[in-house]
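The values are calculated or read from the model by the stated rules, or taken from the named source; none is laboratory data. Predicted model only: the values in this text are computed from it and were never measured. All Cβ positions, glycine included, derive from the backbone under ideal geometry; neighbour counts span all protein chains shown. Ligands, DNA and RNA are excluded from the accessible area calculation, which covers all protein heavy atoms including side chains. Shrake-Rupley method; radii C 1.70, N 1.55, O 1.52, S 1.80 Å.
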Amino acid sequence: MQGTEIEDQGGDRDFVASLEKGLLVIEAFDASRPRLTLSDVAKLTGITRAAARRYLLTLTRLNYADFDGRYFTLSPRILRLGYAYLSSASLSARVQPFLEQVSEATGESSSAAILDGDDIVYIARSATRRIMSIGLGVGSRLPAYCTSLGRAILAYQPEDVIAAYLRRVRLEARTPKTVTDKTEFRAVLEATRAQGYALVNEELEFGLRSIAVPVIQKSGQVTIALNLSAQAGRVSADEMRERFLPSLSAASESLHYLL
């Protein structure tokens, strides 16, 4: 693999297409697809089997992936890539104490996330108990449209960004309660911005209710949000607003001066 070759991409001589494809191969693996065949990777990334084979074998040679003769899996060494971001960015470190304060005050799990493409990525967590069927941790990804964190960030984006998002995203039903109509979803974002928080009631997963607030940075931008999640059968929507929202809002206001 000619990983150092600079290839032309739409006239941009500084764009390294081979690096782009290598990253696509890594991103093909996730919590729902931890083991992939060569054919799986080629299909998911849209690159040829021959190219996928070269990238996968290179990752294996560098100990970023393992191969058992049929399936490829990412190795623990891949964590170095995420750690490079976490160790160089103080954002997670600045947010974590506030999440711990929120969780201590409410007794519920709290999180912080940023928007990455059409997904949210968790950058900090303070988990008091496991309330979802899937395990969440720093680096976990979820669709933005059906999460309170995603809506709290999306609602504060410029109109052209929201319009572009709605043109390309598929609002798939995760539960029968998931908002899948784009006109309705736009109204949800408008309401979120007007009230200053997002409340999602069992749209991501049955039995899960969450509330999130944006962190409005000193620049006026919103790139991060904070949330609290609880079991729907144990905590009502009204209780989330009355008991949880003040703690989240206080943490958000404090972080405004630090970000």
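In this Cβ point-charge picture (+1 for Lys and Arg, -1 for Asp and Glu), the chain has a dipole of about 640 debye about its Cα centre.
Here K21 is the anchor, and the aspartates and glutamates within straight C-alpha reach of less than 17 Å, apart from those fewer than 8 places off in the same chain, are E5, E7, D8, D12, D30, D40.
For the chain, the share of alpha carbon pairs falling in successive 5 Å distance bins from zero is 1, 6, 11, 15, 15, 15, 13, 10, 7, 4, 1, 0 percent. Across the stretch 235-242, computed HN-Hα scalar couplings (Karplus, 6.51 cos²θ - 1.76 cosθ + 1.60, θ = phi - 60°) run 10, 7, 4, 4, 5, 4, 5, 6 Hz from first to last residue, x flagging Gly and Pro. When the helices of the chain are scored as -39500 (n - 2.57) per DSSP H run of n ≥ 4 and the total is divided over every residue, the value at 222 nm lands at -12000 deg cm²/dmol. From the square roots a ≥ b ≥ c of the eigenvalues of the alpha-carbon gyration tensor of the stretch 168-259, which class results: rounded (a/c under 1.5), prolate (a/b over b/c), or oblate? Cα axes put the stretch 168-259 in the oblate bin. Restricting the stretch 169-250 to GluC sites (Glu not before Pro) that sit in a DSSP loop and have at most 11 other Cβ atoms within 10 Å of their own Cβ leaves E172.
For the stretch 12-62, report the % of Cα-Cα distances exceeding 15 Å.
Working: 542 of 1275 pairs.
The answer is 43 percent, as a whole percent.
When nucleic acids and ligands are ignored and a 1.4 Å probe is applied, D12 ends up with an accessible area of around 70 Å².
Carbon and sulfur atoms: what percent of the 1.4 Å accessible area of the stretch 178-231 do they account for?
47
Helix 79-88 and the long axis of the chain differ in direction by around 50°, with both axes built from C-alpha atoms.
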